[in-house]
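Reading through the structure tokens given below for one structure.
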Amino acid sequence: MSAKQVFDLSIKASLDNLLKVRQYINQAGERLGVSESALADLRLAVDEAVTNVIIHGYGDLDGMVELHMEGQGNAVIIRIRDKAKTFDPSHVNAPQLDTALKDRPFGGMGIFLIKKMTDEAEFLPLPGGGNEIRLVKRGAIG
Amino acid sequence: MATLNFMVGQEQGNVAVTVLRVEGDIDAATHKTLQDKAAEVIEGGATHILLDLGGVNYMGSAGFRAIHAMTNMLADEESSGLSKSPYLKLLNPTEAVGRVIKTLGFDVYLDIYQDRNEAISSF
């Protein structure tokens, strides 16, 4: 039985590192054999999740974001951990898709996309502070 | 970090159309650059913009905030309801970007073309 492949990335919480996050998802995804369409979904979900951590979690504060990606069967599991203040996405309104664009409020699209692009998206406070976002994409491998 | 490059061209169809081609990834770090470039061309007199996304490999929600802002910048009092913008249209998004456009419902607000000439003559 081959060793389980896991991929980790640790970055400073800066929007300038979003490209590095997407490159990490691409490289880990290719090693895991993730299909191109699932990879596009995961790139988007993880980029949006990390963006939220940086903007809404850390704000102007310095901090780190830790990413972990692994395959389980045909699913991809990604964990994103931070030490930022607790972020509760249930307070974020979904975008109003049936409203005229000029009347549509900005925002809410990131969380909506994270949920749309994955099969499971959990936002968990960590004991001792910080948060974990756990994303699952089934049928992504093979 | 990702950077954006722009190319601005003018075409004459039924009206003067400004073609704004974007190349690069549009994320939370770069979307403001697009918004600022759009503001610049609108302040320079552009009233009808064809946003060429053929060189955009990645666009997240921040990119859609920029497009939302562009739509608002170009809108007038007659731009109401759920009708598509007569002033902003999209050209040639990649398959991945096209899927996000549909997921976020932006195809309800904006016409999307694959052919540049057809897009220009549609204004």
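The values are calculated or read from the model by the stated rules, or taken from the named source; none is laboratory data. Since the model is a prediction, treat every value here as computed from it, not as a measurement. Don't worry about glycine lacking a Cβ; one is built from the backbone with ideal geometry, like all the others, and counts go over all protein chains shown.
Table for the structure above
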read-out: Given (1) within 11 Å of chain A (Cβ to nearest Cβ); (2) farther than 18 Å from A:Gly110 by Cβ, index of the condition B:Asp115 fails; value: (1)
read-out: Residue, farthest from B:Phe106 (Cα to Cα), within the stretch B:36-87, restricted to residues that are among the hydroxyl-bearing types (Ser, Thr, Tyr) and at pLDDT 90 or above; value: B:Thr47
read-out: Residue count for the stretch B:104-123, restricted to those that are in contact with a Phe, Trp or Tyr (Cβ under 8 Å, 6 or more places away or on another chain) and polar (S, T, N, Q); value: 1
read-out: Residue in the stretch B:19-34 that is of a type in the set (A, V, I, L, M) and more than 23 Å from B:Glu95 (Cα to Cα) present; value: no
read-out: Complete set of residues in the stretch A:1-38 that are of a type in the set (Val, Ile, Thr), part of a strand (DSSP E or B) and over 15 Å from A:Gln72 (Cα atoms); value: A:Ile11
read-out: Subset tally (residues that are in contact with a helix residue (DSSP H, G or I) (Cβ under 6 Å, 6 or more places away or on another chain), of a type outside the set (Asp, Glu), more than 12 Å from B:Asp52 (Cα to Cα) and not in a loop (DSSP other than H, G, I, E, B)) for the stretch B:1-16; value: 0
read-out: Total residues in the stretch A:113-142, condition buried (at least 20 other Cβ atoms within 10 Å of the Cβ) and either within 14 Å of chain B (Cβ to nearest Cβ) or charged (D, E, K, R) (or both); value: 5
read-out: Residue identified as among the charged types (D, E, K, R) and either closer than 24 Å to B:Asn57 by Cα or surrounded by 14 or more Cβ atoms within 10 Å (Cβ to Cβ) (or both) among A:Asp47, A:Asp88, A:Asp103, A:Asp60; value: A:Asp47
read-out: Unique match (being assigned to a loop (DSSP other than H, G, I, E, B) and without any contact (Cβ under 8 Å) to a residue 12 or more places away in the chain) among B:Asp76, B:Asp107; value: B:Asp76
read-out: Test for B:Ala46: is it of a type in the set (Gly, Ala, Ser), within 30 Å of A:Ala49 (Cβ to Cβ) and either touching a residue at least 60 places away in the same chain (Cβ under 8 Å) or outside any strand (DSSP E or B) (or both); value: no
read-out: Of the criteria (1) farther than 30 Å from A:Val50 by Cα; (2) not in a helix (DSSP H, G or I), which one B:Val56 fails; value: (1)
read-out: Some residue of the stretch A:22-35 being within 11 Å of chain B (Cβ to nearest Cβ), surrounded by fewer than 21 Cβ atoms within 10 Å (Cβ to Cβ) and at pLDDT 95 or above; value: yes
